[in-house]
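The values are calculated or read from the model by the stated rules, or taken from the named source; none is laboratory data. Since the model is a prediction, treat every value here as computed from it, not as a measurement. No Cβ is skipped: glycine too gets one built from the backbone with ideal geometry, and neighbour counts run over all protein chains shown. Note: accessible area is taken over every heavy atom of the protein model, side chains too, but ligands, DNA and RNA are not part of it. Shrake-Rupley method; radii C 1.70, N 1.55, O 1.52, S 1.80 Å.
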Amino acid sequence: TTLQSLQIKSLCRTPSDLPWLLCSLQLPQGDLDVLFSNIDDIVKVNSRFLHGLQETASREEDQVQLIGNLFLEFQEELEQVYKVYCASYDQALLLVDTYRKEPELQREIQGIIEAVVPQAGSSGLSFLLVIPLQRITKYPLLLQKILENTLPDASAYPVLQRATHALQDVNANINEYKRRKEVASKYTKVEQLTLRERLARINTHTLSKKTTRLSQLLKQEAGLVPRTEDKEFDDLEERFHWVSLCVKETKNNVAAYLDNLEAFLHFRPQECDLDVGGGPVVQYCSLTRDLQLQAFPEFKRRLEGLVWQPLCSLAKTLAGPQNLIKKRLDKLLDFERVEEKLLEVGSVSYEEEVARHTYQALNSMLVAELPQFNQLAMQWLRQILCTFVALQRDLAKQVLQRAEGSLAQLPHHHIPELAFRKLVEDALGQTSHQLHSFQKNFEKVLPPPTIQPLLPGAERQVQALLSRYGPGKLYQVTSNISGAGTLDLTLPRGQVVALLQNKDTKGNSSRWLVDTGGHRGYVPAGKLELYRVVPRDKELRGQAGPHEDSRHLTPEPTPVPVSSVPTMTQVVAVYPFLARSSHEVSLQAGQPVTVLEAQDKKGNPEWSLVEVDGQRGYVPSSFLARAPSPAPWGWSLPS
Amino acid sequence: MECEVERDFEREYGKLQQLEEQTKRLQKDMKKSTDADLAMSKSAVKISLDLLSNPLCEQDQDFLNMVTALDTAMKRMDAFNQEKVNQIQKTVIEPLKKFGSVFPSLNMAVKRREQALQDYRRLQAKVEKYEEKEKTGPVLAKLHQAREELRPVRDDFEAKNKQLLDEMPRFYNSRLDYFQPSFESLIRAQVVYYSEMHKIFGDLTQQLDQPGHPDEQREQENEAKLSELRALSIVADD
């Protein structure tokens, strides 16, 4: 029992100094994580364990049994907590080595150690770091010792025995875990090598490895060599493959969804300004603006954080198992070769042994952990999908909350949806008609006038023609016509004539027979344009000037019986006229003439007898214009 | 007097030019927005569709149930979305197009008025030129002729001007009658859609047994799952 108590005492020493060291060392957090790993967790577990041990000290008879029970109780926790530390211990050692290479840093570390943990003496960091390792490996040894000092028939014996085995298992498991981690870390890293780097790696060794594998694979494909069928593994791999597919597709689809969401938020129809004071237009614009400011960005943010990011992380974890599966296959081919060789030759080289073991390690690791992986991945995926659904519901809720206010203010909010849709359809139909009429109106805005200015004094003539032939037959002369032949007319620009025939006797359609109201003759068709009759009042307004003047210029109380054109008035020739006979007299444009008679011998008002330049003769009345104002020309005017 | 008339005209036409621009822009944005909306809905459907076609569904009943429920919900939402977009197309985008189609006619009419104005100004200047000259016979004749030419052109311009000054404000004001029903319809269509969305996804959330966790809790759950996965040796340390 003294031996026992000795062992127990040594059990009670816990490495609780390390955390203090943690705080004192001025090292980057990443380094501290590597060095000390999960020492906090170890300390927690150990302190509870210690507490339990101390309690057993009071119960002398049952102490051994209680200790045994305690170990069994803590077995799982000890394994979990120490395996992590042990697995990262090698990396910690590497880090300590790098520190050693920097003398100043090394001195600093040493100084702190001596200050904080005096009992460590002049030993370095590595000494302190190895303590937890030593502890856990010591447990089974200590227990073994206690067991040896216990009588086999003692009540505590079986418990103790179980505890001893348990701690041995713990150590074995920790070792296995460590080994797996080593193998895994060698092969799970997805290395981003450039082509150059990849080429540089190829040497005879790797080439021979690869060619051997390839030949093995080909032999299998050709059926020359049996393939190691491992149904269990194949099923696992297949399931893993589907899980990967699930995760990757979902990730891509969510990415597409987010892209579309961003595009949707990019367009802002609510920013239009239709210059509408209120009503549904304004309601819509403010509603959409608010939603785009709050509800949608929040939705997007939550999607990115709670759906997209986790999917990315999940997708990343696929890389490790993927690589290992690939490597396993490679190693399997090696393994099969080695097995063959073993059968043929009976022994294998050291390297080949290693290859064999690597394959076995990979295989057992995958077989053990793939099911867990698949399950965890699917659970997580399910969680993510549920979150996606919840976010959609939350978005809808937010939108509705905001929209309620706008909805209540709409003019027809009390009308059910179907009835409303009918209402809108009708309204739009009506306004569509209205729009159509607007369009027609705008198209109708008068095209340019084809009407030519009317010659003075001609409106009576036009009226006469109009009443005789109708408006459709009236044409206006577009430029002066000088008749050549006897049947051809000479007409000034602006004269209105009536169409009698649109061709001559020979059938020439470019020569039309027209009636001027006094004469009939032929004129070139190209100089005629359809005449649009101007409304009377405009005509009157237009003729106001000369009429006023005529009133002004006819002071005679007794009205002239024949015409309204006063005799002996100042008149000007507006257009040139070439006399064709001795009865006629030639005119120059702008020449003042004296009108002697406003009609010819037959009483035809189309001709006027004038005196010009001392000569008398007939000229077409339409070629004359009255002076717009009684200008002081020095001619005598009627008083 | 002419300047004042011009100012009035410019003001009225200016308002309509603005409206034309805004209407065009609105139509374009509305169309692009609804296109993106449709694309979003389609990509949501694809999520559940791809899941449904994964062989895991055959092996795992729970998974199949979840994915089926998700797929049903997504497809229903897509149908509602399509209906919403159709309604928007009919009551907003089409009417906007129709409204915009009046503007070319208006712009042509304004151009014709402008042309008439130019002719009017030109002939007016001609008349004024002759009026300032010494009143000789030829000048008088030319003056008379110029006045005769001017008259119908001025009348034409005034007719066009009056017609447009009458019609333009009426057309501008018609926008109120025109747009309000469209936008009321737009708001209602969205409310209908989001009501369905709330119901469908609310039901689905309950069905999938997912309590309403706050975001921090969800984040923690995600972290936890990631840690669990990373604890496996086959998962690479990142």
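Data table
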{"read-out": "Region B:118-187, dipole about Cα centre (Lys/Arg Cβ +1, Asp/Glu Cβ -1), debye to the nearest 20", "value": "380"}
{"read-out": "Per residue accessible area of region A:336-437, 1.4 Å probe, in Å²", "value": "50"}
{"read-out": "Separation of the A:SER510 and A:SER582 label points, Cα + 7 Å toward Cβ, nm", "value": "3.7"}
{"read-out": "Violating pairs (Cα-Cα greater than 23 angstrom) within the set A:LYS527/A:LYS601; A:LYS101/A:LYS178; A:LYS440/B:LYS15; B:LYS28/B:LYS84", "value": "A:LYS527/A:LYS601; A:LYS101/A:LYS178"}
{"read-out": "Between 0 and 90°, nearest 10: helix B:61-88 axis offset from chain B longest Cα axis", "value": "10"}
{"read-out": "Spatial separation of Cα centroids for region B:106-122 and region A:68-95, in angstrom", "value": "95"}
{"read-out": "Charge context of A:ARG520, other residues only, Cβ under 14 angstrom, K/R +1, D/E -1", "value": "-1"}
{"read-out": "For a label point 7 Å along the Cα-to-beta-carbon line of A:HIS519, residues of region A:464-481 with backbone N under 18 Å", "value": "A:465, A:475-481"}
{"read-out": "Placed amide H near A:ILE481: partners under 5 Å, 5+ positions off or other chain", "value": "A:LEU491, A:ARG493"}
{"read-out": "Cα-based Lys proximity count in region B:96-159, under 28 Å, for pairs eight or more positions apart or on separate chains", "value": "8"}
{"read-out": "Peptide-level mean, for B:172-181, of C-beta atoms on other protein chains within 10 Å", "value": "6"}
{"read-out": "Kirkwood estimate for region A:156-309, i.e. one over the average of 1/r between Cα atoms, Å", "value": "23.7"}
{"read-out": "Peptide-level mean, for B:219-232, of C-beta atoms on other protein chains within 10 Å", "value": "6"}
{"read-out": "Computed E for A:LEU530/B:LYS15 - FRET, C-beta separation, R0 51 angstrom, nearest 0.05", "value": "0.85"}
{"read-out": "Relative contact order (percent, whole number), chain B, Cα cutoff 8 Å, 6+ residue spacing", "value": "25"}
{"read-out": "Cβ neighbours within 10 Å from other chains - mean over A:247-258", "value": "4"}
{"read-out": "FRET efficiency for A:ALA172 and A:SER432, using Cβ-Cβ distance with R0 set to 60 Å, rounded to 0.05", "value": "0.10"}
{"read-out": "Virtual spin-label span in nm between A:GLU197 and A:GLN292, 7 Å along Cα→Cβ", "value": "4.5"}
{"read-out": "Phi to ³J(HN,Hα) by Karplus 6.51 cos²θ - 1.76 cosθ + 1.60 over region A:609-622, Hz, x for Gly, Pro", "value": "8, 10, 10, 9, 6, x, 9, 10, x, 8, 9, x, 4, 5"}
{"read-out": "Exceeding the 32 Å Cα-Cα cut-off - candidates B:LYS75/B:LYS225; A:LYS422/B:LYS75; A:LYS422/B:LYS46; A:LYS186/A:LYS248", "value": "A:LYS422/B:LYS46"}
{"read-out": "Summed buried accessible area for B+A [probe radius 1.4 Å, Å², rounded to 100]", "value": "10700"}
{"read-out": "Extension gain (nm, one decimal) between A:GLU77 and A:GLU232, 0.36 nm per residue minus Cα-Cα", "value": "52.8 nm"}
{"read-out": "Cβ-Cβ FRET estimate between A:LYS341 and A:LEU265, R0 fixed at 51 Å, reported to 0.05", "value": "0.20"}
{"read-out": "Carbon and sulfur %, accessible surface of region B:169-238 computed with the full protein complex present, 1.4 Å", "value": "44"}
{"read-out": "Kirkwood-Stokes translational diffusion coefficient of chain B, alpha-carbon pairs, 37 °C, 0.692 mPa s, µm²/s", "value": "132"}
